[in-house]
Amino acid sequence: MTAELVRGQNHPLSQSRLEIRISAGTPVAAAAALSDENGRIHGTEWVAHPGAPVQPGLEVSRQAAADHRLAVDLDAMTEAVHRVSVLLALPAPDGGAGPARFGAVAAPFVAVTGLDGTEVASYTITGLDLESAVVALELYRRQGAWKVRAVGQGYAGGLAELFADQGLAEAAQLASGIDEAVARGLARSVQAPPPRTSEGDRSRQAAAPAVGPDQGAAPQGAPVPVPPSYGGQPSGGQGGPQPAYGGATDPHAASGGPVNYSHPGRQTSAPPPPPPTAPPAQPGQPARPVGGDATGWSMEERLYNQVWGMFEDLARTTAAYRSAVDFAESRMDKELEQALSDPRNRIGGQGDAAREAARARCSQLVDQARTSLDRDVAQLVAEAEVVEPALPPAFARWDNPCWHAYRVPMEIPMALRLGDLRLPEAEPIRIPMLLRLPLERGLWIDSGRTDSLDGSFTDSHDMRRLAMDTAVAHAARLLAVYPAGEFTVHVVDPAGSGARALAPLTQTGVLAGPPAQGAAGVTEVLARLTQRVDLVQMALRGGAPDALPPGFDTSQQLLIVNDFPHGFDDRAVNQLRYLVDEGPSVGVHLMMVADREESAGYGPLLDPLWRALLRLTPVPDDHLADPWVGHAWTYEPPAVPHGSEVLRQVLTKVAEARRTGNR
């Protein structure tokens, strides 16, 4: 029976191998500190955190997330360790976005469980207000036995104050290192799925980009009314709901009060029409999937929520499978240890029989888990077969027939497809990776040399070519899903090495101008865009967004940078960083096609630049993590079918609509 603890209460622990499960309403960084009988931490090596996730007997999550599972083996603790403190902290990403205090979010819930998932004790941390870091609970040694105590001690000064209170001399440095490790995780994360309703239906409200395994930080400063062309989409935190379309931020969000997530134009409208339903399934057969059966105000919104519901389902079933395999293997190890603890059983038929029986039980459990996983994956494959053909162009692959009937849209869609996500245990299923519009962070197409997942080697020349092809495909899709004239693309190609890949953009005439070349071209484009950011920011801060110069281009702007840092001096690099930090909030976005190693000469100066961008790859790579269960998802970039002219045909229609004004 689970012991529901209150602050200060303790409970005995009968198991040595445990899991600490954490659930919070927002991304939190989890850590665990080891201390002696006096509660003192002897050094940074006594703390497991996202930058150093494994310590003897401890393993913590490598990134900020709303849900965590920490592994603890009390038998592996050294004799000097008498206390294991579980720590939670609100991450501090660049720009200070996200909640700054626990009092503004739901109370975190912490549970101590066995390896089979059975709860031993749980604790809901209530009463927090200004605190940004908290000691949730502690496992402590008393007279040779271990117990768990609910602590709930919060610190308004964050992790630095927490570590200093526990006697750590390097408190500030360690806290800074943890923040740095969490920030690095932002560039390799995908957004969490939309939450489910209490009835289990997929919510009609879309998931916000994840802040710390999502998608980026909200605009800096106090919320101000922003014209739609400047992209004032609020950030709802990791996994939290947000309005279906961009708009001004809710004034309650800044104060930590309740946020009204309803669409501002639909607060008095009639309920949405019911989603389509499938015909009744045959007895004993699973329900037949239907495209667009999630809730939402439009078919686009239903399909968006259905896609992220599929993401959630695949994440859940894979997590269950991995947990079952871990449990089976740990139980087998324990059975073997018990069977062979007697030296008489280590040699001979009795020991062989015990080993064989333990392995057979492990295989049986793994097979049962695999059967359940295969059943769920088969259902998801069937759902994907009906969802994929129903997707609108913004959500569809380049080989979808909807592109052959493409027309320039009248409205900005909810989201954009950047590629596909998959997991190694579920090869048959691909989940579309959808990114909300307008963009809230830039993109980095990594052209660094790498080994592809299929074992083939990709050299640096091929990677640069593939990276530019991928960047052009992303830019073409952005141009295609925006109304005519509402999205402008600039290109900086100092050495002209991307001319072949850029041909679909240059030959159809959809670029704002020819690709800028040489140092002079780089300087001119960056100066023009930084000036645009300054003008819009001044207009917004002055409360006069309509007071911009006559003829000012109010469309969203995208700058594609190739061959960085070639052609960039120190001033240009600083301007680039300025565009990355300040541009998205006023409709200026960046797409870098670069190898990070080639800019290593700048040292740590450019680290914030790479962290602020969402890293994508031109070849399949398992570098993306979700903030929900921490899976490493394999990202597959969007591929135009070989020999297909669909990309040029779409761009030609975009250019024609711009010239004639005919949508």
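The values are calculated or read from the model by the stated rules, or taken from the named source; none is laboratory data. Just so it is clear, the model here is predicted, and its values are computed rather than measured. Reconstructed Cβ throughout: ideal geometry from the backbone, glycine too, with neighbour counts over all protein chains shown. Protein only, heavy atoms only, side chains kept; ligands, DNA and RNA dropped before computing areas. Shrake-Rupley method; radii C 1.70, N 1.55, O 1.52, S 1.80 Å.
Annotations for the structure displayed:
- Förster radius 41 Å - calculated FRET efficiency between A632 and F552 (Cβ-Cβ, nearest 0.05): 0.40
- What a 1.4 Å probe finds exposed on region 512-663 is 51% carbon and sulfur by accessible area, rounded to a whole percent.
- Note on A76 and M538: the extension gain reaches 160.5 nm, defined as 0.36 nm multiplied by sequence separation minus the Cα-Cα distance.
- Between G25 and A106, the built amide H atoms are under 5 Å apart, and every one of these is 5 or more places off in sequence or on another chain.
- Computed accessible area, E79, all protein chains, 1.4 angstrom probe, square angstrom: 150 Å²
- Applied to region 324-329, the Karplus parametrisation 6.51 cos²θ - 1.76 cosθ + 1.60 on θ = phi - 60° returns per-residue 3J(HN,Hα) values of 5, 5, 4, 5, 4, 5 Hz, with x for Gly and Pro.
- In terms of accessible area, using a 1.4 Å probe and ignoring ligands and nucleic acids, T126, T634 rank largest first as T126, T634.
- Accessible surface ranking that places the most exposed of F564, F552 first, with a 1.4 angstrom probe: F552, F564
- Across region 43-195, the relative contact order, built from alpha-carbon pairs under 8 Å that are at least six residues apart, equals 22 percent.
- Area accessible to solvent at R658, 1.4 Å probe radius, in Å²: 80 Å²
- Distance from region 577-613 to region 515-559 (C-alpha centre basis), Å: 18 Å
- FRET efficiency for the pair S644 and D352, taken as 1/(1 + (r/R0)^6) with r the Cβ-Cβ distance and R0 = 56 Å, rounds to 0.40.
- Length gained when the stretch T2-D165 is fully extended (0.36 nm per residue, less Cα-Cα span): 55.6 nm
- With each label modelled as a point 7 angstrom along the Cα→C-beta vector, the A382-H566 pair spans 5.3 nm.
- Pair R528, A145: separation of 7 Å Cα→Cβ label points (nm): 7.6 nm
- Which of A107, A171, V182, positive extreme of dipole for region 92-190 (C-beta unit charges): A107
- Between E59 and D622, the distance separating the two model label sites (each 7 Å from Cα on the Cα→Cβ line) works out to 1.4 nm.
- Rounded to the nearest 10 Å², the accessible area of R359 at probe 1.4 Å: 110 Å²
- The largest accessible area among K334, K147 belongs to the first residue in K334, K147, and the rest follow in falling order (1.4 Å probe, all chains).
- Kirkwood Rh (inverse of mean 1/r, distinct Cα pairs), region 569-610, angstrom: 11.0 Å
- Taking θ as phi - 60° and the Karplus parameters 6.51, -1.76 and 1.60, the scalar couplings of region 288-301 work out to 7, x, 9, x, x, 8, 7, 7, x, 8, 8, 5, 4, 5 Hz in sequence order, x denoting glycine and proline.
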